[in-house]
Amino acid sequence: MPKLGVNIDHIATLRQLRKSTFPDILCAAKVCEAAGADSLVVHLREDRRHIQDKDVVILRKKVSIRLNLEMSIAPSIVNIACSVKPDQATLVPEKRKELTTEGGLDVVRWSVAVARVIRRLEENKIETSLFIEPDKKQIRAAADCGARIIELHTGRYANSQTATARRGNFKKINEAVQYAKKFNMLVNAGHGLDYENVKPIASLEGLYELNIGYAIICHSIFYGLKASVLEMKKLIS
Ligand code: PXP
């Protein structure tokens, strides 16, 4: 059964709407932990639209499950990661105007810079994952850069408009998981997964962890965070 990483960025989105002190990010993290989340995911964006530097510091100190810091390869963010030392860093592409991370990191194009960042993070004992499209060229490039973990972008699957498109996108993810296994990489997946579409992905052979945020936080408005994490865990199993 794949593990569940819960992305709590949108607890901070709500807090930042009023630049308030609540909802409290640590409280959210503790609830996820108590409900059986295997890791916590936060994205320290360059524009600091949700997660702030101090959130990452507090989570690092006070939470015992794994902390996975999503981040761009910008030097200022890499410096913060090396100082806070999350258990894992997930390198993602970042555009100022996007609503969320729209696509995977183009490792083919940025291979030299990505390899350099992986080396620096791993020297600081931070396991590093690359968020990429389910595409053989990207997987090969990730392996060549020294990545031992990848996260496959499930956004195209999640946003498929027809059953045929969904089947096609599902097949690509399945093939990508099997291909990545040839490089002995740990394979995670995430983006756009929700209570309706998670089951087929969770049943794929060889996936280590699913990272899910938006759907869980939205569901928690009506059912509470603990129940929402528990229900997602149940669907995954
Ligand atoms: N994985 C990565 C690398 C992401 O960038 C995101 C979005 O922040 C997620 C998983 C979670 O996506 P969602 O919020 O759509 O569940």
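Each label point was placed 7 Å from the Cα along the Cα-to-Cβ direction; for N124 and L99 their separation is 3.2 nm.
Positive contributions from Lys and Arg (+1) and negative ones from Asp and Glu (-1), summed over other residues with Cβ under 11 Å from the Cβ of V198, come out at 0. Qualifying trypsin sites (Lys or Arg not before Pro) in the stretch 20-63, where qualification requires a DSSP coil assignment and no more than 15 other C-beta atoms within 10 Å, comprise R48, R49. Taking 0.36 nm per residue of separation and subtracting the Cα-Cα distance, full extension of the segment from S20 to A74 would add 16.7 nm. Our Cα-only numbers for the stretch 40-99 put the radius of gyration and Dmax at 10.8, 33 Å. If you plug the beta carbon distance of D106 and D53 into 1/(1 + (r/R0)^6) with R0 = 22 Å, you get a FRET efficiency near 0.25.
Over the Cα atoms of the chain, Rg to Rh with Kirkwood Rh, two decimal places? On the Cα set of the chain, Rg over Rh gives 0.94.
Ranked by the mean number of other Cβ atoms within 10 Å of their residues, highest first, the peptides 122-129, 37-44, 73-80, 158-165 fall in the order 37-44, 122-129, 73-80, 158-165. Compared with the direct C-alpha span, the chain from A113 to L230 gains 38.3 nm at full extension, assuming 0.36 nm per residue. The stretch 61-190 has equivalent-ellipsoid semi-axes of 25, 16, 14 Å, by the square roots of 5 times the alpha carbon gyration tensor eigenvalues, sorted largest first. Taking the convex hull of the alpha carbon positions in the stretch 96-158 and averaging its projected area over all directions gives 4.8 nm². Can you bin the stretch 10-50 into rounded, prolate or oblate? Criterion: square roots of the alpha carbon gyration tensor eigenvalues sorted a ≥ b ≥ c, rounded for a/c under 1.5, prolate for a/b above b/c, oblate for the rest. Cα axes put the stretch 10-50 in the oblate bin. Amide H contacts under 5 Å for N7: V41, I212, G213, restricted to partners 5 or more places along the chain or on a different chain, H placed in the peptide plane at 1.01 Å from N.
Quick one: net charge around T90, please, counting Lys, Arg +1 and Asp, Glu -1 for every other residue with C-beta under 10 Å from its C-beta. Don't jump to the answer; show the numbers that get you there.
Details: positive: none; negative: E70, E127, E151.
That sum, taken over residues with Cβ under 10 Å, equals -3.
Placing unit charges on the Cβ atoms only, positive for Lys and Arg and negative for Asp and Glu, gives the chain a dipole magnitude near 120 debye about its Cα centre. Seen from N159, the other residues with C-beta closer than 12 Å to its C-beta sum to a net charge of 0, counting Lys and Arg as +1 and Asp and Glu as -1. Shape class for the stretch 146-237, computed from the alpha carbon gyration tensor (a ≥ b ≥ c): oblate, with a/c not under 1.5 and a/b at or below b/c.
The GluC sites (Glu not before Pro) of the stretch 140-237 that DSSP puts in a loop, and whose beta carbon has at most 15 other beta carbons within 10 Å, are E196, E205. Rounded, prolate or oblate: pick one for the stretch 1-95, where a ≥ b ≥ c are the square roots of the eigenvalues of its C-alpha gyration tensor, a/c under 1.5 means rounded, and failing that, prolate if a/b is larger than b/c, else oblate. It comes out oblate by the Cα gyration axes.
Multiplying the residue separation of Y223 and E205 by 0.36 nm and subtracting their alpha-carbon distance yields 3.4 nm.
Where a number appears in this text, it was derived from the coordinates with a stated rule and is not lab data. As the structure is a prediction and not an experimental result, all values here were calculated from the model. Backbone-built Cβ (ideal geometry, glycine too); neighbour counts: all protein chains shown.
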